[in-house]
Amino acid sequence: MAAGSPHRRAGQPITDPFATAWLVEDDPLRAIQVGGPLRSPPGTGFADGIQRWMVEGHFGLAPVVRAYVAAAVLTRRDGSLAMAAEEHEEFIVVPGERLTTEQRDALDRVGLPVYESDTSARVHPLVDQYAAARIVETRRETAERKAVRRFVDAEPTSWLVMDGSVGHLTGGPGAERVIGLVKSHETQYLEGADLLTALTLREGCRSSVFERSRAGGTPVYSWYLRLWPWTERDLLHGLTRLERWADRTTLEEATLVSRWMLGERAPISTPDASWDRLIYPIHHIETYLRARMGGWN
Amino acid sequence: MVATELLPSSPYQFHFWTATDATIGIGAIVRVDDGAGRIVHAVIVDGRAYSDLPTPLHEVVAAEGNPAAQPPPTRRVEIRLWTAAVLRQEPPEPVQPVPLATVHLATESDVEIALRMDAYVRAEPSTAIPIGIYSAGGMRAPVYLDADFLLGPESAHLNINGVSGLATKTSAVLFLLSSIFAHFPRSKGQIAAVCFNVKGPDLTFLDQPAALTAADREMYAALGIPAEPFKAVRFYAPFKADGVNLNTLRSHPDLAGSVEPLVWGLREVLDFAEVLLNRDDIDAKADAFLDFLGDRVVGKTFRDEWGGQHRVESFAGLERLFRAIFDGLESAGGRDMWRTHHVATIRKVRNRLLNISTRCKGLVTDDDTAHDLPFGAFDDRALYVIDVAGVDQLGQDLVFTRVVSKLREHLERRDLGVDHVVVFVDELNKYAPADGPETYVRRMLLDISERGRYLGLVLFGAQQFRSQVHRRVVGNASTTIYGRMDSDELAMPGYQTISAATKSKLATLPKGELMVRHPHFAHPIFLKFPRPAALAGRQGIERFPPAPDVPFGEAVARQLRVLDRRIAASGVQDLIDGHREVDVRSALLATRRARPRDPLAFFAARLRPSIPRRTADGGDQSAVQPLKPVEDPYAP
């Protein structure tokens, strides 16, 4: 979901390339011109999180990973973004089963929370790091959930646009005001003509809403939206996927929400490489959180 | 504070950021306290603002090429990054880069420390002279100059520059003079000021109150200066060519009596003849002859080789001497040398000298009556205004040179009446230009600027363009004031130490604000000052419109009424009827100089016999005659 995920490197295989979806608005899926951009409602919040980790040392072959995660919600009033909710945590991740009591005591004296990562039967340094990174990612998601929940509870009428999936929020109070903005298209839910329609949307068009599968969770409604023209570029250029709770209102408001997102195209979030999908307020949260993590930069 | 490898802190400069709505700007004083005993005061000299926009092209893309597109919903994050120049570090040693700490807006006491004013504001006796109010972020603090560095002996002189009409140069100087008169410590001696009014009515109503706003009065109160015009002002002006109407715009009947005539005769002028003669005139031979006249002839009894005895006290007397010399040489068979001086040199000097009274008519008189400044009896905290606005450049040069020279002479002898004199000269670029031929006036100004502080003679000079004034004159001014500046002038090399942002502020400085450089201030400081409590020339003219010139007799009566208001014009007219105007003028000047109890009686007694004395050939003895009179072919 957020920047700084350490386990994905270019050239590595995608873990979950395909998933299932059910069309809920139109069948077959179609491209819908949403109209011009609109200003999102005043007081809209924007949420994102970051994570950083590094191997501080080893106990034998066991890596000691020090990590930092943070999440924030900024709210926009009169064009300016201001802090609304913030969470951060610094901690240590170790393969706990491989540590001695003395080594654990030494880590406790550091004064930071210690989380244990999974261990495999045979030692593999990269697999150990991957396991630690999974813990870091989980902690970051937790921080994001906390920050988002605080905002949603504190601002009972405000909308919230968060970077990534809304899956974990769809069941709670205020879920109807949360919009997920997904930039990554690692997992494809559509196929055939529907996929062709979705991936070749023209600028300012959205796809019909579909329900995507979500393992063990409440259903989520989703649709694609093209923010910037992709012609002569990558198919995914300017293509976002929006998520909301699975409710009739999502179908009714999909076009309106899409127009809000089109309204967020300016300012451009350059120099971020994913500027074509990353809206400026989310980009600003990342800048904000990176600036506040001090020596972790 | 922020410090990066590309933008590090140094012992003289550092950088910090503020909120975009912070009420500070260029010229604000700030304080850095590292909490470990090191305190740094600095002044903001530059500011930058930028957003996270990598290139302007991205803005074009975001607006899809439409500059009129609706503004984006989110404003880009913006930084206000300031650069501050260090004014003072405590402790001063060792000199170190400014520590990374929080930056605060300076308080009133911080301003005092930052500008090193604590050394003289809190001294006993204090030598602090208020110069204006520093203000930033809603905080106001008085700023003081050190009298020892403004008026000597440590350093001295003030130079003020800025464009005409907007820089408030004259206002600033008048306000500062008020401040000096109010705050110059008595223990340092007595002080007076001499101002040359060189254009219009600028300085001719300084004894009259000006309209002040509440804000002005508040500033006067904050600075401890009475908001009132100058209490003791003496105005001097030469006569017009008629010799009785004063050459000044301060001629309104309500005020005319307060203007003293400034009239000089041969004795006053001869020592400064060099001012009036161009460079070609002053060769070694002419100079030697002038010295001869000054040393051996003027004011002394002189016997010529032909039995004549001369007592040269005036231009008329000098003319008689020249005529005797030429007649004597001619009678001696056409000799061409007289007392080692060639007759051509004598003729040249005679022509130039006798021409002075013509060129400076009204200021220089043919006879021996003079009316001068009260050298030797200057009053403490008095302002002497010499109005030469109506006099041509040559006359202005003469007045300026002679007055300043006399001030210097008396200050050297410690018998001027005061211990310090401030001389205010506007249009300094005219008197001490950076280039052009060497002149007597420029040499004198250089001398004052380099030696004046030892004597108590302090030069306050003003000009539009500092770059056009001689470097040694402006360089010796310890205190410099900048009003609104011309941007072309600011591009000159002399301003390269001033930051671009400060220059930008200088180029748009509103009236009533100035930037001051003083030896105690490590960097120039922007200040506000109230408008002078004395009436400005333009308003003065509206309130006191100048009276038209009056006929000779009435003008004489008006002059006498200054001494006794009961004197009637008709009585004066009866007295002067039948007298030559030159005699009337002489009697008038003698009366004004003497200030007798019964002016009219004194005047009548001084009037010479009504029958004019005539030479053997019937000419008027007082008038300058042509050297070789020719017969008028058209005479009846």
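Side notes on the structure shown:
- Residue match in the range B:294-303 (condition: assigned to a strand (DSSP E or B), within 34 Å of the chain's Cα centre (by Cα) and at pLDDT 85 or above): yes
- Condition met for B:Phe322 (modelled with pLDDT of 90 or more, within 30 Å of B:Ala192 (Cβ to Cβ) and surrounded by 18 or more Cβ atoms within 10 Å (Cβ to Cβ)): no
- So B:Ala63, is it more than 14 Å from every other protein chain (Cβ to nearest Cβ), at negative phi and not charged (D, E, K, R): no
- Where a residue in the range A:79-98 is more than 14 Å from chain B (Cβ to nearest Cβ) and free of Cβ contacts under 8 Å to residues at least 60 places away in the same chain and its partner, wherever it lies, is acidic (Asp, Glu) and assigned to a strand (DSSP E or B), with Cβ under 6 Å and at least six apart: A:Gly96/A:Glu116
- Any hit, the range B:110-126, residues being aliphatic (A, V, I, L, M), in contact (Cβ under 8 Å) with a residue 24 or more places away in the chain and farther than 30 Å from B:Arg186 by Cβ: no
- Hits in the range B:245-260 (condition: at pLDDT below 90 and out of contact with any strand residue (DSSP E or B) (no Cβ under 9 Å at 6 or more places or on another chain)): B:Pro253, B:Asp254, B:Gly257
- On the stretch given as the range B:510-564, residues that are charged (D, E, K, R), under 24 Å from B:Arg234 (Cα atoms) and in contact (Cβ under 8 Å) with a residue 12 or more places away in the chain total 8.
- Residue, nearest to B:Pro532 (Cα to Cα), within the range B:163-172, restricted to residues that are surrounded by 17 or more Cβ atoms within 10 Å (Cβ to Cβ) and out of contact with any Leu (no Cβ under 8 Å at 6 or more places or on another chain): B:Ser171
- Residues in the range A:252-292 that are hydrophobic (A, V, I, L, M, F, W, C), more than 7 Å from every other protein chain (Cβ to nearest Cβ) and touching a residue at least 12 places away in the same chain (Cβ under 8 Å): A:Ala254, A:Leu256, A:Val257, A:Trp260, A:Met261, A:Leu262, A:Leu278, A:Ile279, A:Ile282, A:Ile285, A:Leu289.
- Number of the condition not met by A:Thr249 [criteria: (1) more than 13 Å from every other protein chain (Cβ to nearest Cβ); (2) part of a loop (DSSP other than H, G, I, E, B); (3) among the hydroxyl-bearing types (Ser, Thr, Tyr)]: (2)
- Elements of type strands (runs of 3 or more DSSP E) contained in the range A:6-112, each with 3 or more residues being at negative phi, under 19 Å from the mean Cα position of the chain (by Cα) and of a type outside the set (Val, Ile, Thr): A:45-59, A:62-77, A:80-94
- The listed residues are A:Val136, A:Val161, A:Val110, and the only one of them that is at pLDDT 95 or above, touching a strand residue (DSSP E or B) at 6+ places or on another chain (Cβ under 8 Å) and within 25 Å of A:Ala62 (Cα to Cα) turns out to be A:Val136.
- Look at (1) in contact with a Ser or Thr (Cβ under 9 Å, 6 or more places away or on another chain); (2) of a type outside the set (Phe, Trp, Tyr); (3) not in a loop (DSSP other than H, G, I, E, B) and you find that B:Thr248 fails only one, number (3).
- Test: residue in the range A:181-199 that is of a type outside the set (A, V, I, L, M), crowded, with 17+ Cβ neighbours inside 10 Å and assigned to a helix (DSSP H, G or I): yes
- The strands (runs of 3 or more DSSP E) found wholly in the range B:447-542 and carrying at least 2 residues that are within 23 Å of B:Val385 (Cβ to Cβ) and β-branched (Val, Ile, Thr) occupy B:479-482.
- Flag for A:Ala106 being in contact with a Ser or Thr (Cβ under 8 Å, 6 or more places away or on another chain) and in the same structural domain as A:Leu74 (by TED's automatic domain parsing): no
- Check on B:Leu100, in contact (Cβ under 8 Å) with a residue 40 or more places away in the chain, hydrophobic (A, V, I, L, M, F, W, C) and within 14 Å of chain A (Cβ to nearest Cβ): yes
For every residue, the table says whether it meets (1) in contact with an Asp or Glu (Cβ under 6 Å, 6 or more places away or on another chain); (2) surrounded by 15 or more Cβ atoms within 10 Å (Cβ to Cβ); (3) of a type in the set (D, E, K, R); (4) not in a loop (DSSP other than H, G, I, E, B).
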{"position": "B:Val61", "(1), (2), (3), (4)": "no, yes, no, yes"}
{"position": "B:Asn66", "(1), (2), (3), (4)": "no, no, no, no"}
{"position": "B:Ala69", "(1), (2), (3), (4)": "no, no, no, no"}
{"position": "B:Thr74", "(1), (2), (3), (4)": "no, yes, no, no"}
{"position": "B:Trp82", "(1), (2), (3), (4)": "no, yes, no, yes"}
{"position": "B:Ala85", "(1), (2), (3), (4)": "no, yes, no, yes"}
{"position": "B:Gln89", "(1), (2), (3), (4)": "no, yes, no, yes"}
{"position": "B:Glu93", "(1), (2), (3), (4)": "no, no, yes, no"}
{"position": "B:Pro97", "(1), (2), (3), (4)": "no, yes, no, no"}
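- Filter result for B:Ser586 (modelled with pLDDT under 85, within 21 Å of B:Gly265 (Cβ to Cβ) and either of a type in the set (Lys, Arg) or not in a loop (DSSP other than H, G, I, E, B) (or both)): yes
- Selected residue (criterion: farthest from the other protein chains (Cβ to nearest Cβ)) from residues of the range B:74-90 that are among the β-branched types (Val, Ile, Thr) and within 19 Å of B:Ala28 (Cβ to Cβ): B:Val86
- Cross-chain or 6+ apart pairs with Cβ under 6 Å, the range B:243-272 first and farther than 17 Å from B:Phe400 by Cα and crowded, with 20+ Cβ neighbours inside 10 Å, then among the polar types (S, T, N, Q) and at pLDDT 85 or above: B:Leu249/B:Thr204; B:Arg250/B:Thr204; B:Val259/B:Thr248
- Qualifying residue in the range A:216-238 (condition: of a type in the set (Lys, Arg), modelled with pLDDT of 95 or more and surrounded by fewer than 18 Cβ atoms within 10 Å (Cβ to Cβ)): no
- Residue pairs meeting the criteria (Cβ under 7 Å; at least 6 apart or on separate chains; first free of Cβ contacts under 8 Å to residues at least 12 places away in the same chain and farther than 30 Å from B:Leu262 by Cβ, in the range B:334-361; second among the basic types (Lys, Arg) and surrounded by 20 or more Cβ atoms within 10 Å (Cβ to Cβ)): none
The values are calculated or read from the model by the stated rules, or taken from the named source; none is laboratory data. What you are looking at is a predicted structure, and each value in this text was computed from that prediction instead of being measured. Please note: Cβ atoms are built from the backbone with ideal geometry, for glycine as well, and neighbour counts cover all protein chains shown.
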